[in-house]
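The values are calculated or read from the model by the stated rules, or taken from the named source; none is laboratory data. None of the values given here were measured: they were computed from a predicted structure. All Cβ positions, even for glycine, are placed from backbone atoms using ideal geometry, and neighbour counts span all protein chains on display.
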Amino acid sequence: MRCYFRLLCVFLLILFLFAGGCIKNPVTGRKELVLIPKGQEIALGVNSAPEFEKEFGGKVDNAQLQRYVGAVGGKLAAVSDREMPYEYALLSSNIPNAFAVPGGKIYVTVGLFRQMSNERQLAAVLAHETVHIAAGHSVQGLQREMGAGVFAELVGAIIGGEGAESAAALAKYGAALKNLDYSREDESESDEYGLKYMDRAGYNPWGMVELLELLQSLSNARPGLFGDLFASHPLTSKRVSRVREIIARDYSRYSAQSGDPRAQRFEQMRALLKSVSKE
Ligand SMILES: [Zn+2]
């Protein structure tokens, strides 16, 4: 009985959304069909985040480092086009990675943090992930991948369900999120609007080029070093050259050569990280 009721709810939700028309994407202005309301997206993130954190070694146990990542991310959150309870954290995994969980939780790993050399590179990766949330890429991607109805039902089970039912739904959802391939358009958008968020937050957008080139050289030097980062964020030279073109067109007042004024602060944090973590 309960099962039919849920299906009926999903059906009505879909009907309502189709009837009500599409929602305007706050980042791109494009009209899109969004099946998961914001409140549910946030609840989904709160429910599933602990599992993801655990998988990537848990949060680094150092308040100063977490505050730092939170402060850099917070500047980007403050200028994003969609109000969400954004949270930024550093995870202990040594595999270079960064990802966003629907609802606004954004993570960067120690493995990636350690490879960067200034704050604008960190801002670049966090800006890219912030756009994935602001533009709803992860939710849209899951809707696409799992089928909209199935996804909506799973969300219902995770948020409304109890015990085994909820855990099973969460596992299914987690597996889908891990295999989630953002579309090439999503990646382009995250790069492009990521530059915009960096500019709005006072960061030199050249940090994005530095980051992408760093990742590319690391990947060339040690293929297989990276985990899911390259599965969900394919890195191509075309992507780097496109970012360069956008900067030349829209952010020509910035110079690639000018140093990052916050590089020293980043260096202090990297030294702190080295003192508290194992290689
Ligand atoms: Zn991405």
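Listing for the model above:
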| item | result |
| --- | --- |
| Near pairs, Cβ below 6 angstrom, 6+ apart or cross-chain, from region 55-82 (modelled with pLDDT of 95 or more) to any residue that is buried (at least 16 other Cβ atoms within 10 Å of the Cβ) and aromatic (Phe, Trp, Tyr) | 69/88; 70/88; 73/88; 76/197; 77/86; 79/197 |
| Residue check, residue 112 on the phi < 0 side of the Ramachandran plot, crowded, with 18+ Cβ neighbours inside 10 Å and in a helix (DSSP H, G or I) | yes |
| Qualifying residue in region 138-148 (condition: within 16 Å of the ligand (Cβ to nearest atom), among the β-branched types (Val, Ile, Thr), within 18 Å of residue 235 (Cβ to Cβ) and in a helix (DSSP H, G or I)) | no |
| Any hit, region 236-250, residues being modelled with pLDDT under 95, more than 16 Å from the ligand (Cβ to nearest atom) and either crowded, with 18+ Cβ neighbours inside 10 Å or not aliphatic (A, V, I, L, M) (or both) | yes |
| Number of the exception - residue 27 against (1) in contact with a Lys or Arg (Cβ under 8 Å, 6 or more places away or on another chain); (2) at pLDDT 85 or above; (3) surrounded by fewer than 16 Cβ atoms within 10 Å (Cβ to Cβ) | (3) |
| Subset of region 162-210 (residues that are away from the ligand (no atom under 14 Å from the Cβ) and outside any helix (DSSP H, G or I)) | 162, 179, 201, 202, 203, 204, 205 |
| Residue under evaluation residue 157, criteria (1) over 11 Å from the mean Cα position of the chain (by Cα); (2) at pLDDT below 95; (3) closer than 25 Å to residue 185 by Cα; (4) among the small types (Gly, Ala, Ser), criterion not met | (3) |
| Boolean, residue 141 is at pLDDT below 80 and surrounded by fewer than 24 Cβ atoms within 10 Å (Cβ to Cβ) | no |
| Residue in region 114-123 that is away from the ligand (no atom under 16 Å from the Cβ) and more than 23 Å from residue 271 (Cα to Cα) present | no |
| Unmet criterion (only one of (1) under 20 Å from residue 40 (Cβ atoms); (2) at pLDDT 80 or above; (3) surrounded by fewer than 18 Cβ atoms within 10 Å (Cβ to Cβ); (4) of a type outside the set (A, V, I, L, M, F, W, C)) for residue 185 | (1) |
| Options 83, 153: the member that is of a type in the set (Asp, Glu), under 21 Å from residue 179 (Cα atoms), more than 16 Å from the ligand (Cβ to nearest atom) and surrounded by fewer than 22 Cβ atoms within 10 Å (Cβ to Cβ) | 153 |
